[in-house]
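The values are calculated or read from the model by the stated rules, or taken from the named source; none is laboratory data. As the structure is a computational prediction, the values presented were derived from the model and not from experiment. Note that we place each Cβ from the backbone using ideal geometry, even for glycine, and neighbour counts take in every protein chain shown.
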């Protein structure tokens with residue numbers, strides 16, 4: 001059974017503000033990331049994840065980001081089913097991130 005964790009935008013922002021080094025992967029499409037990304041995130045569209053597994057740390061925490069949390073949830077489900085240990089879904093995605101004060 002696949003399992004992964006979730007994180008809120010408030011928790012992520014607090015960790016970034018504290019200077020933590022975090023693996024962030026944005027799975028949105030090119031035109032979406034052109035509108036902005038969370039600083040430090042790597043762009044890897046959802047449709048390319050299967051071909052880019054070597055670019056994703058298998059044991060470390062990796063937080064996946066999309067527009068609303070749905071595609072990043074799909075990425076987490078897929079990777080955790082392959083044995084990736086630290087997959088984490090950003091709840092609410094960029095819609096929630098952009099609402100932060």
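Here are some notes:
- Among the residues of the range 68-91, those that are closer than 25 Å to residue 17 by Cα, in contact with a helix residue (DSSP H, G or I) (Cβ under 8 Å, 6 or more places away or on another chain) and crowded, with 19+ Cβ neighbours inside 10 Å comprise 69, 72, 87, 88, 89, 90.
- Close pairs (7 angstrom Cβ cut-off, 6 or more residues apart or separate chains): at pLDDT below 95 in the range 81-99, crowded, with 22+ Cβ neighbours inside 10 Å anywhere: 86/62
- Residue match in the range 27-34 (condition: modelled with pLDDT under 95, over 15 Å from residue 4 (Cβ atoms), in contact with a strand residue (DSSP E or B) (Cβ under 9 Å, 6 or more places away or on another chain) and assigned to a helix (DSSP H, G or I)): no
- Test for residue 67: is it over 10 Å from the mean Cα position of the chain (by Cα), part of a loop (DSSP other than H, G, I, E, B) and either more than 15 Å from residue 94 (Cα to Cα) or at pLDDT 95 or above (or both): yes
- There is no residue in the range 43-59 that is under 10 Å from the mean Cα position of the chain (by Cα), surrounded by 22 or more Cβ atoms within 10 Å (Cβ to Cβ) and not in a loop (DSSP other than H, G, I, E, B).
- Here residue 9 fulfils each of the conditions (1) over 14 Å from residue 94 (Cβ atoms); (2) touching a helix residue (DSSP H, G or I) at 6+ places or on another chain (Cβ under 6 Å) apart from (1).
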